[in-house]
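The block underneath contains the structure these notes are about, expressed in structure tokens.
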Amino acid sequence: SIVFVPKESTSGESRVAVSTDTVKKLIGLGFDVSVQKGAGLESRIPDEEYAAAGAKLVTATGAKTADVVLKVACPTDAEIKTYKKGAVVIATLDPYSNDKAIAAMAKAGISSFAMELMPRITRAQSMDVLSSQANLAGYRAVIDAAHEYDRAMPMMMTAAGTVPAAKVFVMGAGVAGLQAIATARRLGAVVSATDVRPAAKEQVASLGAKFIAVEDEEFKAAETAGGYAKEMSKEYQAKQAALVADHIAKQDIVITTALIPGRPAPRLITKDMLKAMRPGSICVDLAVERGGNVEGAKAGQVAEVEGVRIIGYNNVPGRVAASASQLYARNLMAFFATLVDAETKTVSINTEDELVKATLLTHDGKAVHPNFGGTAT
Ligand code: NAD
């Protein structure tokens, strides 16, 4: 069977779905691997390295004969039309906002898997793209903030005087937030953080940051079995906003990472709160693509509101593309290996498998995921 890896066509998508390591692994499993020319360039993997790993370099038309397509972003309509019936597509399909693509893939008879729906269970830890990419995004958010900030991050005691350490506040202490805390600490900032999940409190403290939150009964019950946050009540949000407003006025850099699966990002910072910050302060809104945590944040831009610069870059993992692609490729490979029948050296989809159940969006000409237009198989 043939595995095809395209050069990503979505604007700004600098990542690629295979590394030279995973190309070798795919070949070891009995697959022929075709990589579109230039696919790895922005991730610093030249064509020659793919070729040396055993891949065949092809044009985009390589998609037409592929049994499996490994991708980063959801394929476009035009791309879906080039895939053959029965092809398997594995990518981050962004299922909450891609109804049309899901319908098109169902109609085209494609079996599509959304990597971001991978359950967070021990068996699937190596396949967790949300974590691998969020980790890099959290790191990069601090680097981007430091770049925009007109002051130094660490305290500097010099003969010419003392520069105070920057105060950094991280909102949302999941995978991205915890890495942001660790990175800001390494740069010498004084770091505090908040989250609505009680489990975050200890993790924040263990990284040497101060935890700030309204710890009422609702807070104690805010974590789902899957480890995600619940959407909080209006009352809680108001209490949280009051606490945050006070704290934020004393901060130099605020990094927001708050997400709720399948819902718009919670609005955590209003214009009034921005107004209370010192001019020259920086916000980084990592949730900007899901509607944003910060009022006035603009996707793909650095916006200025009330003298505060709000960094709203899209695809922040893609700003560390070489690292992000290495990890993404590993995640994809770990999952793909579970779909391969070792004897026939082909993909065999077991719809009873819990990883398949959680991630399979379309199969046999239908949308099959109960949360995304299908009925459970
Ligand atoms: P996420 O990206 O969905 O959300 C980011 C953070 O925002 C979360 O910590 C969430 O609680 C927080 N948040 C939501 N609403 C908020 C609000 N109003 N105010 C402040 N914060 C708010 O979450 P994530 O980073 O993917 O991780 C969620 C949890 O899952 C973490 O505890 C993480 O460690 C855990 N996790 C477990 C596994 C595993 O068991 N295999 C793997 C990865 C992550």
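The values are calculated or read from the model by the stated rules, or taken from the named source; none is laboratory data. The model shown is predicted, which means the values in this text are computed figures rather than measured ones. A quick note on method: Cβ atoms are made from the backbone with ideal geometry, for glycine too, and the neighbour counts reach across all protein chains shown.
Rundown of residues vs (1) more than 13 Å from the ligand (Cβ to nearest atom); (2) aliphatic (A, V, I, L, M); (3) free of Cβ contacts under 8 Å to residues at least 60 places away in the same chain; (4) on the phi < 0 side of the Ramachandran plot, yes/no style:
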{"residue": "Ile253", "(1), (2), (3), (4)": "yes, yes, no, yes"}
{"residue": "Thr256", "(1), (2), (3), (4)": "no, no, no, yes"}
{"residue": "Val284", "(1), (2), (3), (4)": "yes, yes, no, yes"}
{"residue": "Gly291", "(1), (2), (3), (4)": "no, no, yes, no"}
{"residue": "Gly318", "(1), (2), (3), (4)": "yes, no, no, yes"}
{"residue": "Ser325", "(1), (2), (3), (4)": "yes, no, no, yes"}
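Glu231 meets the conditions (1) farther than 18 Å from Asp144 by Cα; (2) at pLDDT 95 or above; (3) within 10 Å of the ligand (Cβ to nearest atom) in every case but one. The failed one is (2).
Just wondering, is there one or more residues in the range 296-303 that are within 19 Å of Tyr139 (Cβ to Cβ) and touching a helix residue (DSSP H, G or I) at 6+ places or on another chain (Cβ under 8 Å)? I'd like the intermediate steps shown before the answer.
The first filter runs over the range 296-303 and keeps only residues within 19 Å of Tyr139 (Cβ to Cβ), leaving 302.
From what is left, the residues that are touching a helix residue (DSSP H, G or I) at 6+ places or on another chain (Cβ under 8 Å) are 302.
Yes, some residue in the range 296-303 is within 19 Å of Tyr139 (Cβ to Cβ) and touching a helix residue (DSSP H, G or I) at 6+ places or on another chain (Cβ under 8 Å).
Selection of the range 135-150 for residues being in a helix (DSSP H, G or I) and either among the charged types (D, E, K, R) or out of contact with any strand residue (DSSP E or B) (no Cβ under 6 Å at 6 or more places or on another chain) (or both) yields Asn135, Leu136, Ala137, Gly138, Tyr139, Arg140, Val142, Ile143, Asp144, Ala146, His147, Glu148. Screening Ile143, Ile121 for residues that are in contact with a helix residue (DSSP H, G or I) (Cβ under 8 Å, 6 or more places away or on another chain) and more than 16 Å from the ligand (Cβ to nearest atom) leaves exactly one candidate, Ile143.
Does Ala329 satisfy being of a type in the set (A, V, I, L, M, F, W, C), closer than 22 Å to Ile121 by Cα and part of a helix (DSSP H, G or I)? Here the answer is yes, as Ala329 does meet what is asked. Within the range 238-293, the set of residues being within 19 Å of Asn314 (Cβ to Cβ), over 15 Å from the mean Cα position of the chain (by Cα) and among the polar types (S, T, N, Q) comprises Asn293 only.
Quick check, is Ser325 surrounded by fewer than 19 Cβ atoms within 10 Å (Cβ to Cβ) and of a type outside the set (Lys, Arg)?
Numbers: surrounded by fewer than 19 Cβ atoms within 10 Å (Cβ to Cβ): no; of a type outside the set (Lys, Arg): yes.
Criteria not met by Ser325.
When the range 25-60 is examined, which residues are found to be more than 19 Å from Ala91 (Cβ to Cβ), crowded, with 16+ Cβ neighbours inside 10 Å and in contact with a helix residue (DSSP H, G or I) (Cβ under 6 Å, 6 or more places away or on another chain)? Ala53 - this is the single residue of the range 25-60 that is more than 19 Å from Ala91 (Cβ to Cβ), crowded, with 16+ Cβ neighbours inside 10 Å and in contact with a helix residue (DSSP H, G or I) (Cβ under 6 Å, 6 or more places away or on another chain).
Between Thr338, Thr344, Thr362, Thr351, the distinction of being β-branched (Val, Ile, Thr) and without any contact (Cβ under 8 Å) to a residue 12 or more places away in the chain belongs to Thr344 only.
Does Ala297 satisfy being at pLDDT 95 or above, among the hydrophobic types (A, V, I, L, M, F, W, C) and in a loop (DSSP other than H, G, I, E, B)? Yes. Is it the case, given these coordinates, that Lys201 is more than 10 Å from the ligand (Cβ to nearest atom), out of contact with any helix residue (DSSP H, G or I) (no Cβ under 7 Å at 6 or more places or on another chain) and modelled with pLDDT of 90 or more? For Lys201, the condition - more than 10 Å from the ligand (Cβ to nearest atom), out of contact with any helix residue (DSSP H, G or I) (no Cβ under 7 Å at 6 or more places or on another chain) and modelled with pLDDT of 90 or more - is met. Taking the criterion of being under 23 Å from the mean Cα position of the chain (by Cα), within 16 Å of the ligand (Cβ to nearest atom) and not in a helix (DSSP H, G or I), would at least one residue in the range 101-115 satisfy it? Yes: one or more hits.
Only one entry of Glu223, Glu215 meets the criterion of being of a type in the set (Asp, Glu), farther than 21 Å from Pro261 by Cβ and within 13 Å of the ligand (Cβ to nearest atom), and that entry is Glu215. Mind checking whether some residue in the range 117-126 is buried (at least 23 other Cβ atoms within 10 Å of the Cβ) and either assigned to a helix (DSSP H, G or I) or of a type in the set (Val, Ile, Thr) (or both)? So far as the range 117-126 goes, no, none of its residues is buried (at least 23 other Cβ atoms within 10 Å of the Cβ) and either assigned to a helix (DSSP H, G or I) or of a type in the set (Val, Ile, Thr) (or both).
Taking first residues from the range 51-77 that are under 18 Å from Met105 (Cα atoms) and partners that are among the aromatic types (Phe, Trp, Tyr) and assigned to a helix (DSSP H, G or I), the Cβ contacts under 8 Å between residues at least 6 apart in sequence or on separate chains come to Val68/Phe336; Leu70/Phe336; Val72/Tyr328. The conditions of being in a loop (DSSP other than H, G, I, E, B) and over 19 Å from Val129 (Cα atoms) are not met by Arg309.
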